[in-house]
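Report on the structure given below.
The values are calculated or read from the model by the stated rules, or taken from the named source; none is laboratory data. The structure presented is a predicted model; accordingly, all values stated were derived computationally and were not measured. Please note: Cβ atoms are built from the backbone with ideal geometry, for glycine as well, and neighbour counts cover all protein chains shown.
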Amino acid sequence: MDIDEVLDLVNPNNCAVSPEEWEIIGDQEPSQEKLIEIRKENWFKRIKKPFGIKKIADVTNDFIETNINKKIDEVLKILQEKFPQYCLNGIRNLWIVKPAGLSRGRGIRIFNKLMEINDYTKNKEQQWVVQKYIEHPLVMMDRKVV
């Protein structure tokens, strides 16, 4: 018995996959225009509530420049006020993990996810130092100053 027969036995009156999903996962790949349309619709779903937009036609270039870019600037300004070293952090969320008892760079690992750090350190019987990696350090005369 194949998967289609199993699905028919479980729910004979309803399709397990909608026609839209078949268009995406079926033999024919969606066209570039269809992919752009799907991406626009998904984007619109995310922004319509916070910006009070009724229909996608209301989203013009002027709207984006005045409202969305303004909102992004506001959020970035709040982040910069809240975190004085905001510009040093970068966008990759890198963390240095090193054993507390070693020196000369031995045992240093870099992670960007908390779960990876936990998995790496939890079963080892030693103390660890975890610190934020400064992605954009202050450099003067070819030396890091931070």
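Here is a check on your reading of the model: is LYS54 part of a loop (DSSP other than H, G, I, E, B) and either farther than 30 Å from ILE134 by Cβ or small (Gly, Ala, Ser) (or both)? Criteria met by LYS54.
Out of the residues in the stretch 57-85 that are of a type in the set (A, V, I, L, M) and in a helix (DSSP H, G or I), which is nearest to ILE134 (Cα to Cα)?
Just the residues of the stretch 57-85 that are of a type in the set (A, V, I, L, M), to begin with: 57, 59, 64, 68, 72, 75-76, 78-79.
With in a helix (DSSP H, G or I) added as a condition, the list becomes 57, 64, 68, 72, 75-76, 78-79.
Numbers: ALA57: 43, ILE64: 32, ILE68: 29, ILE72: 23, VAL75: 21, LEU76: 19, ILE78: 20, LEU79: 17 Å.
Step by step, filter the stretch 57-85, then rank; the result is LEU79.
Condition check: part of a helix (DSSP H, G or I), of a type outside the set (D, E, K, R), at pLDDT below 80 and out of contact with any Gly (no Cβ under 6 Å at 6 or more places or on another chain). Does LEU88 satisfy that? It would help to see each step written out before you state the result.
Numbers: part of a helix (DSSP H, G or I): yes; of a type outside the set (D, E, K, R): yes; at pLDDT below 80: yes; out of contact with any Gly (no Cβ under 6 Å at 6 or more places or on another chain): yes.
Here the answer is yes, as LEU88 does meet what is asked.
Under the condition of being assigned to a strand (DSSP E or B) and not hydrophobic (A, V, I, L, M, F, W, C), which residue from the stretch 111-146 is farthest from ILE96 (Cα to Cα)? If you could, list the steps in order and put the result at the bottom.
Taking the stretch 111-146 first, the residues assigned to a strand (DSSP E or B) are 111, 128-132, 139-140, 143-144.
Filter again for not hydrophobic (A, V, I, L, M, F, W, C), leaving 131-132, 143-144.
On the way: GLN131: 5, LYS132: 6, ARG143: 20, LYS144: 17 Å.
Looking at residues that are assigned to a strand (DSSP E or B) and not hydrophobic (A, V, I, L, M, F, W, C), I get ARG143.
Does PHE111 satisfy being farther than 30 Å from ILE36 by Cα and surrounded by 13 or more Cβ atoms within 10 Å (Cβ to Cβ)?
Values: farther than 30 Å from ILE36 by Cα: yes; surrounded by 13 or more Cβ atoms within 10 Å (Cβ to Cβ): yes.
Criteria met by PHE111.
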